[in-house]
Amino acid sequence: MTRIALVGCGAIGTAVLDLLRGDPALQVAVVVVPAEGMAAAQKAVPGAQVTSRVPVSGIDLVVETAGHAAIEEHVLPALARGTPCVVASVGALSATGLAEKLEAAAVAGRTQVQLIPGAIGGIDALAAARIGGLDSVRYTGRKPPKAWKGTPAEQGRDLDALTQATVIFEGSAREAALLYPKNANVAATVSLAGLGLDKTQVRLIADPATAENVHTVEAEGAFGSFELTMRNKPLAANPKTSALTVYSAVRALRNRVAPLAI
């Protein structure tokens, strides 16, 4: 039995909990949330320890689903102690120096931090293509207008009044992840697998004609070229997130204990 400390009990964390419930090889033993979220977390995970810190001992794996601050506060210390970690908030790595901090902490603890692909596929092919040489990588994210509410996309436009697809951002993956942290995890993931945050081009679109989260990756290089488009259903509890993000996290956890993994 692998004992997990789950950092965060929001939309993604709660969905992960539901899918892992009853798994014979994986146990969410600890849920880590701020003090104000403890009561809700105790109701969501009866029998688990709810705390504001990852325990120093008794945990085999830390799973982060709570964002940048949680990586700084919980993931880095756990790695330094030698506890492997799985990170869902890959967009947080657009912050200057954070990826290097994660790597340094994992080296110090002689362990590993795993970044999950989340809502996008083809990351294995993109990372393999990088070995042979990549010339260009572009990511386009297309979501319904409501998915962009509470973001800079609302500046100067009424999202509810859009009648056609509208480009709300065009620039580098680093800029996209910083401006749209709850929407641009895919952009950061694609860039970390390929050309990096500053050389990966990103376009974000608000489209009233779609009810799905549509992700397209185009890459060219010495390996040839590929174009991948995925049409993901949004997570019911959070339209900014694709449901596939949750499934990606659960797959990563199950692969760690499976006798045969792919």
Point to revise | Near pairs, Cβ below 8 angstrom, 6+ apart or cross-chain, from segment 54-71 (at positive phi) to any residue that is not in a helix (DSSP H, G or I) | key: Gly58/Arg3; Gly58/Ala29; Gly67/Gly8; Gly67/Ser89; Gly67/Pro181
**Study point:** Residues of segment 115-148 classified as open to solvent by 30 Å² or more (accessible area, probe 1.4 Å), part of a strand (DSSP E or B) and either among the basic types (Lys, Arg) or in contact with a helix residue (DSSP H, G or I) (Cβ under 9 Å, 6 or more places away or on another chain) (or both), total
**Key:** 3
Practice item. Of all residues in segment 57-94, count the ones that are open to solvent by 20 Å² or more (accessible area, probe 1.4 Å), at pLDDT below 95 and hydrophobic (A, V, I, L, M, F, W, C). Key: 2
Point to revise | Residue match in segment 111-121 (condition: touching a His at 6+ places or on another chain (Cβ under 9 Å) and closer than 22 Å to Gly221 by Cβ) | key: yes
Practice item. Might you let me know whether segment 64-71 holds any residue that is small (Gly, Ala, Ser) and out of contact with any Gly (no Cβ under 8 Å at 6 or more places or on another chain)? Key: yes
Practice item. Within segment 95-114, work out how many residues are open to solvent by less than 30 Å² (accessible area, probe 1.4 Å) and touching an Asp or Glu at 6+ places or on another chain (Cβ under 8 Å). Key: 1
Check your understanding: In segment 72-114, how many are touching a residue at least 60 places away in the same chain (Cβ under 8 Å), touching a Gly at 6+ places or on another chain (Cβ under 7 Å) and not β-branched (Val, Ile, Thr)?
Key -> 3
Check your understanding: Is it fair to say Ser248 is within 16 Å of Lys143 (Cβ to Cβ), open to solvent by less than 20 Å² (accessible area, probe 1.4 Å) and of a type in the set (S, T, N, Q)?
Key -> no
Review point. Which number in (1) farther than 30 Å from Gly171 by Cβ; (2) free of Cβ contacts under 8 Å to residues at least 60 places away in the same chain marks the one condition that Ala5 misses?
Key: (2)
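The values are calculated or read from the model by the stated rules, or taken from the named source; none is laboratory data. Values in this document were obtained by computation on a predicted structure and should not be read as measured data. FYI the Cβ positions are ideal-geometry reconstructions off the backbone, even for glycines, and counts take in every protein chain you see. Heads up: the accessible areas ignore ligands, DNA and RNA and are worked out on the full protein's heavy atoms, side chains in. Shrake-Rupley method; radii C 1.70, N 1.55, O 1.52, S 1.80 Å.
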